[in-house]
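A.B. asks: First, the structure itself, so that you have it in front of you.
The values are calculated or read from the model by the stated rules, or taken from the named source; none is laboratory data. This is a predicted model, so every value here is computed, not measured. As a convention, Cβ positions derive from the backbone with ideal geometry for all residues, glycine included, and neighbour counts pool all protein chains shown. Each accessible area value is taken on the protein alone, full model and side chains, heavy atoms only, with ligands, DNA and RNA left out. Shrake-Rupley method; radii C 1.70, N 1.55, O 1.52, S 1.80 Å.
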Amino acid sequence: MEQTLNDSGWRGSQEAWLEAAYDSLLSSGVDSVKILPLAKRLNLSRTSFYWFFQDREQLLASLIARWRDKNTGGIVQQSEAYAESLAEAMLNVFDCWLNDKLFDSKFEFAVRSWALQSEEILAEVQKADRARMEALCRMFMRFGLSEITADVRARTTYLVQIGYISMQSNEDIALRMKRIPEYIAIYTGEVPQQRELDRFYARHGYKPD
């Protein structure tokens, strides 16, 4: 056991390499995600990388898997969460936009920027877009909307948020919270009940004036 710990210490760990790659992607783009700069960042030897990854391509594939599991997984999970009404179901989805443990907006922006220079990553992004919109569509249909209405509302909900991310919009939290009930009404056709908003605000530690 002691030898294993020592080995892990000087080689680093798979998660440490992946985290360093994630940080580099977010700060400087995919071209900065290279083995030698990452090794210097971690203060590890270049050869220790190969204990955990076959090559740079496998590291990049792991980054995409992490993005897919986090961001697509978060939206799907929240779209399927229990809700008393469609408005509350949409508030569950809005948790993604306010909780980076459910959805990492900076990661999303970085991967979409990466897709501008890689057809393979563009295909991954397009696949994720379809999966996310399909999940939202299923959510709407669960509350009785027709397939075409659910599809249009899902697209409206999702594409507006992707627009926020692409524009790197950074709203004051109070302003954003003030706008959310109106967004919910537009997206769902339902005005959220005060008790639903209270639960939502409480989850995010927000106290309206």
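A.B. asks: Would you mention how many residues in the range 1-60 are of a type in the set (A, V, I, L, M), open to solvent by 60 Å² or more (accessible area, probe 1.4 Å) and either modelled with pLDDT under 95 or over 27 Å from Lys106 (Cβ atoms) (or both)?
C.D. replies: Kept after step one, since they are of a type in the set (A, V, I, L, M), are these residues of the range 1-60: 1, 5, 16, 18, 20-21, 25-26, 30, 33, 35-36, 38-39, 42, 44, 59-60.
With the extra rule that they be open to solvent by 60 Å² or more (accessible area, probe 1.4 Å), the set shrinks to 1, 5, 36.
Still in the running and either modelled with pLDDT under 95 or over 27 Å from Lys106 (Cβ atoms) (or both): 1, 5.
Of the residues in that region, 2 qualify.
A.B. asks: Oh, and also: Evaluate the following for Ala123: is it small (Gly, Ala, Ser), over 23 Å from Leu197 (Cα atoms) and in contact (Cβ under 8 Å) with a residue 24 or more places away in the chain?
C.D. replies: Working: small (Gly, Ala, Ser): yes; over 23 Å from Leu197 (Cα atoms): yes; in contact (Cβ under 8 Å) with a residue 24 or more places away in the chain: no.
Against the criterion (small (Gly, Ala, Ser), over 23 Å from Leu197 (Cα atoms) and in contact (Cβ under 8 Å) with a residue 24 or more places away in the chain), Ala123 does not qualify.
A.B. asks: Quick check on my filter: what residues within the range 74-103 are among the small types (Gly, Ala, Ser) and in contact with a Pro (Cβ under 7 Å, 6 or more places away or on another chain)?
C.D. replies: Of everything in the range 74-103, just one residue is among the small types (Gly, Ala, Ser) and in contact with a Pro (Cβ under 7 Å, 6 or more places away or on another chain), namely Ala87.
A.B. asks: Mind telling me which of the residues Met141, Met133 ends up being open to solvent by less than 50 Å² (accessible area, probe 1.4 Å) and either farther than 30 Å from Leu25 by Cα or part of a helix (DSSP H, G or I) (or both)?
C.D. replies: Met133
A.B. asks: Another one. Looking at (1) of a type in the set (A, V, I, L, M, F, W, C); (2) part of a helix (DSSP H, G or I); (3) more than 30 Å from Ile162 (Cα to Cα), which one does Leu44 not meet, given that it meets all the others?
C.D. replies: Status for Leu44: all satisfied but (2).
A.B. asks: Would you be able to tell me the number of residues in the range 154-167 that are among the basic types (Lys, Arg) and under 15 Å from the mean Cα position of the chain (by Cα)?
C.D. replies: 0
A.B. asks: Of all residues in the range 145-165, count the ones that are part of a helix (DSSP H, G or I), crowded, with 19+ Cβ neighbours inside 10 Å and not charged (D, E, K, R).
C.D. replies: Qualifying residue count, the range 145-165: 5.
A.B. asks: From (1) within 18 Å of the chain's Cα centre (by Cα); (2) closer than 18 Å to Ala83 by Cβ; (3) part of a loop (DSSP other than H, G, I, E, B), pick out the condition that doesn't hold for Asn170.
C.D. replies: (2)
A.B. asks: Moving on to the next point. Step by step: first the residues of the range 68-118, then only those that are charged (D, E, K, R) and in a helix (DSSP H, G or I), then the one that is most open to solvent (accessible area, probe 1.4 Å). Which residue is that?
C.D. replies: Applying the filter and picking the extreme gives Lys106.
A.B. asks: Across the range 190-209, what is the number of residues that are in contact (Cβ under 8 Å) with a residue 24 or more places away in the chain and either surrounded by 18 or more Cβ atoms within 10 Å (Cβ to Cβ) or on the phi > 0 side of the Ramachandran plot (or both)?
C.D. replies: Final tally of qualifying residues: 4.
A.B. asks: Out of Ala65, Ala61, Ala128, I need the residue that is part of a helix (DSSP H, G or I) and touching a Ser or Thr at 6+ places or on another chain (Cβ under 9 Å). Which one?
C.D. replies: Just one listed residue meets the conditions, Ala128.
A.B. asks: So Gln168 fits all but one of (1) within 23 Å of Ala128 (Cβ to Cβ); (2) touching a residue at least 40 places away in the same chain (Cβ under 8 Å); (3) surrounded by 11 or more Cβ atoms within 10 Å (Cβ to Cβ); what number is the exception?
C.D. replies: So the condition that Gln168 fails would be (3).
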